[in-house]
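The values are calculated or read from the model by the stated rules, or taken from the named source; none is laboratory data. Predicted, not measured: the structure shown is a model, and the values here were computed from it. No Cβ is skipped: glycine too gets one built from the backbone with ideal geometry, and neighbour counts run over all protein chains shown. We work out accessible area using only protein heavy atoms, side chains counted, and drop any ligands, DNA or RNA first. Shrake-Rupley method; radii C 1.70, N 1.55, O 1.52, S 1.80 Å.
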Amino acid sequence: MTKIKEYLEGFINRSSKTELLHKKVLSQYNNFVDGDEQLYTVHTAQRFLADCKKRGMENVSVSTYTSVLRSFLKFLDVPDKELNVIRAPQVGFKIKHAIDEDNWVSFLKQPRTLQDMAIAHVLLYGACRVGEIRRIKVRDINFESKTIVIGGAREAKVGGSIQLNNDTLEVIQAYIKAYKLVKSDYLLRNPRENMSLSERSIEYRVKKWAIAAGVPNAEKITPHSLRRSLGKAFYQRSGKDIEKTRIVLRHQNISSTQHYLSIQEEEVRDDYRKMFD
């Protein structure tokens, strides 16, 4: 499983849940081909997915397995033209929860400590992934350019820098000063250990703040919901400029941004008619 190990080692800016999912799927795929790395091909991937479906796996799970295999095969330099043959089954529409901009002020009032305020602001206004915020060190923050540099083996795919607004910068500066953090410290340093806060701890806080703020569907709000919240707000404020939104969210492809924002064909059709009818 040398190639799978190399692939997983690139997960520097991904959450632990994502890494575990990919490890699980690829372990099953490796067993399917009897551990023969020469059989990591589009053909065997299709057979593996067909077998999953035959065993009664639901379409939503098969779709997830498909995304993992496509990502892995792309890592192995399989051309996009060949990857396009691997198609995910149709799944029902899944509501993607976010916090409407009208509720942002109420939400951001809930964190009480400077560390919690930094978490809320960077996740929301920075459209930051939870795996990324856990790995941010003080030295990664550029107060002049108002950005946080995202490093790691997959930097080109994950995207360059997190954008920050003035409010977020002020919160971060106050937090760093109060906690006496140095450049080598994690931004979200656990005071009892020389490491960052856990993903579960961050998820718990975000949900607690959403509930306290009375946000609709608060029980469904996660750190990733805040990233989606910023994306949707930016998309609307930019005049529905999906390319600029893609850059803010640091997506590699516009199709990812379209899916992420739940942009439906009906919305595109309505906008077309407003412009040209």
Note to self: Of all residues being within 18 Å of residue 67 (Cα to Cα) and without any contact (Cβ under 8 Å) to a residue 40 or more places away in the chain in the stretch 17-38, which is farthest from the chain's Cα centre (by Cα)? Just the residue, please.
What the structure shows: 32
Notebook entry, point to check: Does residue 135 satisfy the condition of being closer than 30 Å to residue 182 by Cβ and touching a residue at least 12 places away in the same chain (Cβ under 8 Å)?
Noted result: yes
Check: residue 196 is checked against (1) of a type outside the set (A, V, I, L, M, F, W, C); (2) out of contact with any Pro (no Cβ under 7 Å at 6 or more places or on another chain); (3) closer than 23 Å to residue 103 by Cβ and fails just one. What number does that condition carry?
Finding: (3)
Check: Of these, 183, 240, 207, which one is more than 16 Å from residue 137 (Cα to Cα), free of Cβ contacts under 8 Å to residues at least 60 places away in the same chain and not in a helix (DSSP H, G or I)?
Finding: 240
Item checked: the stretch 174-183: number of residues that are open to solvent by 70 Å² or more (accessible area, probe 1.4 Å) and in contact with a strand residue (DSSP E or B) (Cβ under 9 Å, 6 or more places away or on another chain) -> 2
Item checked: Filtered residues of the stretch 195-243 (kept if open to solvent by 60 Å² or more (accessible area, probe 1.4 Å), among the hydrophobic types (A, V, I, L, M, F, W, C) and under 17 Å from residue 104 (Cα atoms)) -> 211, 212, 234
Item checked: Output for the stretch 13-29, where each listed residue is assigned to a helix (DSSP H, G or I) and over 16 Å from residue 51 (Cβ atoms) -> 16, 17, 18, 19, 20, 21, 22, 23
Next item on the list: Select from the stretch 30-56 the residues that are surrounded by fewer than 16 Cβ atoms within 10 Å (Cβ to Cβ) and either assigned to a loop (DSSP other than H, G, I, E, B) or among the acidic types (Asp, Glu) (or both) and list them in ascending order.
Entry: 34, 35, 36, 37, 41, 51, 55, 56
